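Written out below as structure tokens is the structure these notes cover.
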Amino acid sequence: MVVLRVKDLVAGYGNLRVLFGANLEVRRREIVAIVGPNGSGKSTLLKAIAGLATVFSGRILFDGVDMTAVKPHERARMGLAYLPQTDNVFSRLTVRENLILAGYTIPKDEFEERLEEALEFLPRVRAVLHRKVWALSGGERQMVAIAMAVIRKPRLVMLDEPSASLAPKVAAQIFDKIVELRDELGLGVVLVEQNARKALEISDRALLLVAGRPVFWGPSRKLREREDLVEVYLGVA
Amino acid sequence: MLPVEVIIDAITFSNLLALLALGLTLTYLTLKVPNFAHGDLVAAGVYVAFSLHKLCGIHPYLAIPVAFLVCGAISLASYLLVYRPLWRRGAGIVTLMIASIAVEIVLRSGLHIYADVLSSHLKTFTRGFSFAWLDWSVEMYGRTLTFVVIASTCTLMAVTISLYLFLSKTRFGTAMRAAIENPSLASSLGINVDLVYAVSWFLAGALAGVAGVFLPFRMPSDPEVGWEMLLRTFTASILGGLESLMGAILGGLLTGFAEVLGIYVLSKPPVSLSTAYRPAISCALFIMVLLVAPGGITSLDWRRVLRWRRK
């Protein structure tokens, strides 16, 4: 079942166009990786889907509903979770307050149950529940960000560079959790990642963007086999 | 030794500045614009109380809820009609600041026109009026206190406690803090950032309106009174760190005390400075804060300051 479909999307910021004709499809229980060199428009694509960038043309369908013109907070209510590359948690608030905000659209009587489910999925977050976020390590912050997505029971989670600036061991734990989002919770996942090797390893399908234009779209396994693309654009030998 | 009357006067003035600085900080936190029109909302509050008293015979203290709503509505309208459209078009701080100066001129001119109309209608003074003669007296510890000092202190305490509870204990308050810290992330979580900002602007105007009701009990007021209070409000807000609501309250209290106690001391021999120079104290404090602690008192590392003092 297709959760997200992006058709011929041209997007950017203000009058500046960054993305030219991107196409994407994400099913339930699937990880789609978006890879490409710096400045290729990967993050812009996520922001456009989340409603935080300007869309010049093209369509974004979520569960078959056109949400191209829908406001960002309403997209979130439709079941879309977006974890930005930086500032994906509220540093001045406690972890619990962050989780309360993540469950902002959830009825109050359901919240505690959802919180418990999220903490079971991410036990490390339970240990830091009452701490201020600014006092957490990079890995703990990412775990909190993922918990914030999980608590909302979204149908699609979009993660922008979740392993950025993390130690390899911590990054591996984050990638494990992303796989669990797909396998245990059955979610659709869109992953933008600089670590292209790992992203292609855990994803089912991949989109390669170069200078805002799609160069490859298909199974990740096939992209890994395309040495010409992988070596030139992703630096993965 | 400072006379008790001077300290009481400082408390009243500080309370009003704290209410004003709180509002100015609230609006700054949303769009990051120093709102030059904020002072005129105080003047609007003054005229709401004055009009209700003159036209309907309502005591100014009873006009507080009306001033709260009217000034909140004016502030909200300025946000919805001027600042929000500009912000959505990507206007920078300079554009927004100039827009706020334009709104200030429009509001102040409007108040002058209203004062003229009221003057000809009522055949009375609508400039330089005071509510001091309407104030009640309270006997306390063998001293006679004006009611304005008690009312303004209670109001500031109630606002501080309510604001603390609202921001830390309610979901909407937490959402407000979140939307102020990171609007895009808040939006992506389903929080209506537009609504949060609109509430902030309404509250800012409403608090200025309440301060406006108290102001004529403390000093003669006219349509220019908001402009006169503006620099003091900026001083208080910047002293408080500009991004901290509790800092704004503290900044308001410190600025108010500095001005009232400062002019009392300086007007005595050997300096014998004219009290007309009183606003200069706020100006001097404003410049000092910008030079010494541009991030305000809440940004200072107090442990380091204390260590330096001990040396």
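What follows is calculated from the coordinates using simple rules that are stated; it is not laboratory data. It should be emphasised that the depicted structure is a prediction, and the values quoted were computed from it without experimental measurement. When we count neighbours, we look across all protein chains shown, and the Cβ atoms used for this are built from the backbone with ideal geometry, even at glycine.
Please go through the residue pairs A:Lys198/B:Lys169; B:Lys123/B:Lys268; A:Lys177/A:Lys222 and name each one whose alpha carbons sit more than 30 Å apart in this structure.
Among A:Lys198/B:Lys169; B:Lys123/B:Lys268; A:Lys177/A:Lys222, the Cα-Cα distance tops 30 Å for A:Lys198/B:Lys169; B:Lys123/B:Lys268.
What is the Cα centroid distance between the stretch B:14-85 and the stretch A:59-104, reported in whole angstrom?
34 Å
Looking at the stretch A:171-206, which GluC sites (Glu not before Pro) are in a loop (DSSP not H, G, I, E or B) and have at most 15 other Cβ atoms within 10 Å?
A:Glu184
Quick check: the angle from helix A:138-150's long axis to the longest principal axis of chain A, C-alpha only, nearest 10 degrees?
Helix A:138-150 sits at roughly 90 degrees to that axis.
Once the Cβ-Cβ distance between B:Ala284 and A:Thr54 is put in as r, and R0 is 45 Å, what FRET efficiency do you end up with, to the nearest 0.05?
So the FRET efficiency works out to roughly 0.45.
Could you state the number of Å between the C-alpha centres of the stretch A:166-227 and the stretch B:244-298?
Measuring centre to centre over Cα atoms gives 58 Å.
Obtain the nm distance between the two label points defined at B:Tyr277 and B:His112 by a simple spin-label model: each point lies 7 Å from its Cα along the Cα-to-C-beta direction.
3.0 nm
Output the 0 to 90 degree angle, nearest 10, between the alpha-carbon long axis of helix A:168-183 and the longest principal axis computed from the alpha carbons of chain A.
90 degrees
Rank the residues B:Thr12, B:Thr27, B:Thr153, A:Thr86 as a footprinting-exposure proxy: fewest other Cβ atoms within 10 Å of their Cβ go first.
In increasing order of surrounding Cβ atoms, one gets A:Thr86, B:Thr153, B:Thr12, B:Thr27.
As an exercise, use a Förster radius of 51 Å and the Cβ-Cβ distance of A:Lys7 and B:Leu231 to find the FRET efficiency, rounded to the nearest 0.05. Before the final figure, lay out each step's value.
Values: r = 55 Å, r/R0 = 1.08.
In this case the efficiency is close to 0.40.
Where does chain B land on Rg(C-alpha)/(2.2 N^0.38 Å)?
1.01
Please compute, for peptide B:188-200, the average count of beta-carbon atoms on other protein chains lying within 10 Å of each residue's beta-carbon.
5
Rank by packing, highest mean first: peptides A:53-62, B:270-279, with packing defined as the count of other Cβ atoms within 10 Å averaged across residues.
By packing density, highest mean first, the sequence is A:53-62, B:270-279.
Using only atoms on other chains, find how many Cβ atoms lie within 10 Å of each Cβ of peptide A:102-109 and report the average.
That works out to 3 on average.
Can you tell me the 0 to 90 degree angle between the C-alpha axis of helix A:108-121 and the longest principal axis of chain A, rounded to 10?
70 degrees
Specify the residue with the greatest mean-square fluctuation among A:Gln85, A:Gln142, A:Gln173, computed from a Gaussian network of chain A linking alpha-carbon atoms under 10 Å apart.
A:Gln173
Sequence gap at least 6, Cα distance under 8 Å: using those rules, report the relative contact order of the stretch B:4-310 to the nearest whole percent.
Values: 473 pairs, mean separation 106.5, N = 307.
About 35 percent, as a whole number.
Where both partners of a DSSP beta bridge lie in chain A, what percent of those bridges are antiparallel, to the nearest 5? The partial results should precede the final answer.
Values: 25 of 43 bridges.
Within chain A, antiparallel bridges account for around 60 percent of the total.
What's the average, rounded to a whole number, of partner chain beta-carbon atoms within 10 Å of each residue's beta-carbon in A:78-87?
2
At q = 0.08, 0.11, 0.17 Å⁻¹, what is the log10 ratio I(q)/I(0) for chain A, with the Debye formula run over Cα points and no solvent?
At q = 0.08, 0.11, 0.17 Å⁻¹ the computed log10 ratios are -0.28, -0.54, -1.28.
Name the helices (complete DSSP H segments) of chain B with a Cα length along the long axis of 18 Å or more and a Kyte-Doolittle mean of at least 1.6, or state none. The partial results should precede the final answer.
Numbers: long enough: B:4-31 (41 Å, 1.73); B:38-56 (27 Å, 0.95); B:64-78 (21 Å, 2.14); B:93-122 (42 Å, 1.40); B:147-169 (32 Å, 1.77); B:193-218 (38 Å, 1.53); B:225-239 (21 Å, 1.01); B:245-266 (31 Å, 1.86); B:278-292 (22 Å, 2.18).
Both cut-offs are met by B:4-31, B:64-78, B:147-169, B:245-266, B:278-292.
Based on the Cβ-Cβ distance of A:Glu231 and A:Trp134, what FRET efficiency does E = 1/(1 + (r/R0)^6) give at R0 = 56 Å, to the nearest 0.05?
Numbers: r = 40 Å, r/R0 = 0.72.
For R0 = 56 Å, the calculated efficiency reads 0.90.
So for B:Val193, A:Val190, B:Val213, A:Val18, fewest C-beta neighbours within 10 Å to most, what's the order? Write out the running numbers ahead of the final one.
Numbers: B:Val193 23, A:Val190 27, B:Val213 31, A:Val18 20.
Fewest-to-most ranking of B:Val193, A:Val190, B:Val213, A:Val18: A:Val18, B:Val193, A:Val190, B:Val213.
Please arrange A:His130, B:His53, B:His112 by counting, for each residue, the other beta carbons lying within 10 Å of its beta carbon, fewest first.
Going from least to most buried by this count: A:His130, B:His112, B:His53.
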